[in-house]
Amino acid sequence: MTNLPAVSHLAIVAGGKGTRLGRFAEGLPKALVKIGGKPVLQHQLELAAAASVSGVTIFAGYWGGAIASFVGDGSRFGLSVEVRVEPEPLGTAGAVLQSLDVLPDNFFLVYGDVMLSVDLTDLAAYHLAREADFTAFAHPNDHPYDSDLLEVNRDGRVVALHPAPHHPDCYFGNVVNAALYVVRRDALRPLAAAAGKRDFVKDVMVGLVGQGSCVVAYRSTEYLKDMGTPERLQDVELDWWQGKIYPERLQTHRAIFLDRDGTLNVDRGHLRDPEQLELLPGVGPALRSFRQAGYRLVLLTNQPVIARGEATEADVELVHRRLEWELGKDGVYLDGIYVCPHHPDAGFPGERTDLKIVCDCRKPATGLVDRACRDLQIDRISSWMVGDHPRDIEMARRSGLRSVLLGRGRVGQQGQREADLIADDLSAAAEIILKHRETGAK
């Protein structure tokens, strides 16, 4: 990957009026609204310069003059900046499609109302290594119901897009298209012939997927939020002052590791039908309280139904899509879902022999925790495991995590002795974990 060429150009789409921000915009375009005392656009330019970007093209519309006055030629940011003002509104993609000849072979693209702290160098390396036509930064968020969602296969390719709004009876994975891309310029040329307003999701991404182009998702938990509404602007501003907008590689995170059945949802035995999934009372508010206290939320689950041949990986994924969708209704999301598909014992009709092994990821083994800690940069010492089975508690002990055992009436004395704390349900667990954090209890 080190021999790949760099992506050294950034396109910023900043043509919106910012009317949804109302008085918060103070007569400014969204790109010039301040976060932490600096315009969002300045944060974007500084991030680009730090990633060795040298050139920037800003596609402006309303308030184009104000944006041009602010950036000048870009030299004060260590960049060469051109502001191109569209004569009429052309949507998020129209002006870019009309200007392909001024853009290099590969370039970053971001919307002007996005606050981010993303390693652009890693994003570019992924795009180039995959030889992708279009790479979309994707992450979970707490409002998937009004977000554009990506359907991604096991190879990371985007196979479908689900633009917002979504029918309330549908449920998709919480893989949100986050308005940050790396684009191979020439892949867009077949889409450039049509004039007028064009949208990057409904026209460009859907068009590329439809014509068989290589569209991939770069999944990350790095900080990226749009601030295009008053509520989201206030959230981003609060995140700034709380120190949450910071390079991911320089941080470690506390986490709450969660079992699934009996902890988040009603335990119906070997769940294989998403329609059977039902959240337990109080789960959404409990997870929100963890999130507000700065914890990442990570699901760890044994799913032997796969090894036994009673469900496929796709079936389990559908259950987890439903789980994520229901959590999204409560304004909460999971940072990661880690599944063990193995089972050590043979003798089940239709079982999969390739998964009938003694593995390192079936709880109480620590493989799922180990993977999550690597992927999400989790600090074990400040993290907890919450589950309703003694194997959850034993895995926590082996992994160096503190633990809370749920449902004291459903487990034996051994599990109760080994757990750090015992609680009736997730709401009670959240209350005592957060109390321990506040008091500094060990």
Anything in the stretch 207-227 that is part of a strand (DSSP E or B) and more than 18 Å from residue 292 (Cβ to Cβ)? List them, or say none. 215, 216, 217, 218, 219, 224, 226
Can you find even one residue in the stretch 349-366 that is basic (Lys, Arg), part of a helix (DSSP H, G or I) and at pLDDT 95 or above? no
Given the residues 293, 311, which is the only one that is out of contact with any Pro (no Cβ under 7 Å at 6 or more places or on another chain), among the small types (Gly, Ala, Ser) and more than 30 Å from residue 241 (Cα to Cα)? 311
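Per-residue answers, yes or no, for (1) loosely packed, with under 15 Cβ neighbours inside 10 Å; (2) farther than 19 Å from residue 113 by Cβ; (3) of a type in the set (D, E, K, R):
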position: 204; (1), (2), (3): no, no, no
position: 207; (1), (2), (3): no, yes, no
position: 230; (1), (2), (3): yes, no, no
position: 239; (1), (2), (3): no, no, yes
position: 247; (1), (2), (3): yes, yes, no
position: 264; (1), (2), (3): no, yes, no
position: 271; (1), (2), (3): no, yes, no
position: 291; (1), (2), (3): no, yes, yes
Is it the case that residue 350 is loosely packed, with under 15 Cβ neighbours inside 10 Å and touching a residue at least 40 places away in the same chain (Cβ under 8 Å)? yes
So which of 322, 308, 374, 352 ends up being basic (Lys, Arg) and under 17 Å from residue 277 (Cα atoms)? 322
Test for residue 317: is it more than 26 Å from residue 429 (Cα to Cα) and assigned by TED's automatic domain parsing to the domain that holds residue 428: yes
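Taking the stretch 105-126, which residues are crowded, with 17+ Cβ neighbours inside 10 Å and of a type outside the set (A, V, I, L, M)?
Listed by number, the residues that qualify are 106, 107, 108, 111, 112, 113, 117, 126.
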For residue 82, state whether it is over 21 Å from residue 229 (Cα atoms), of a type in the set (Asp, Glu) and either at pLDDT below 95 or part of a helix (DSSP H, G or I) (or both). no
Please verify whether the stretch 57-67 includes one or more residues that are hydroxyl-bearing (Ser, Thr, Tyr), assigned to a loop (DSSP other than H, G, I, E, B) and either at pLDDT below 95 or at positive phi (or both). yes
Kindly provide the set of residues from the stretch 315-332 that are buried (at least 21 other Cβ atoms within 10 Å of the Cβ) and in a loop (DSSP other than H, G, I, E, B), ordered by number. 332
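The rows are residues; the columns are (1) crowded, with 22+ Cβ neighbours inside 10 Å; (2) under 20 Å from the mean Cα position of the chain (by Cα); (3) outside any helix (DSSP H, G or I); (4) in the same structural domain as residue 107 (by TED's automatic domain parsing).
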position: 155; (1), (2), (3), (4): no, yes, yes, yes
position: 169; (1), (2), (3), (4): no, no, yes, yes
position: 174; (1), (2), (3), (4): yes, yes, yes, yes
position: 181; (1), (2), (3), (4): yes, yes, yes, yes
position: 193; (1), (2), (3), (4): no, no, yes, yes
position: 197; (1), (2), (3), (4): no, no, yes, yes
Please pick out the residue among 258, 279 that is crowded, with 22+ Cβ neighbours inside 10 Å and either modelled with pLDDT of 95 or more or under 17 Å from the mean Cα position of the chain (by Cα) (or both). 258
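The values are calculated or read from the model by the stated rules, or taken from the named source; none is laboratory data. Everything numeric in this text was worked out from a predicted model, so none of it was measured. No Cβ is skipped: glycine too gets one built from the backbone with ideal geometry, and neighbour counts run over all protein chains shown.
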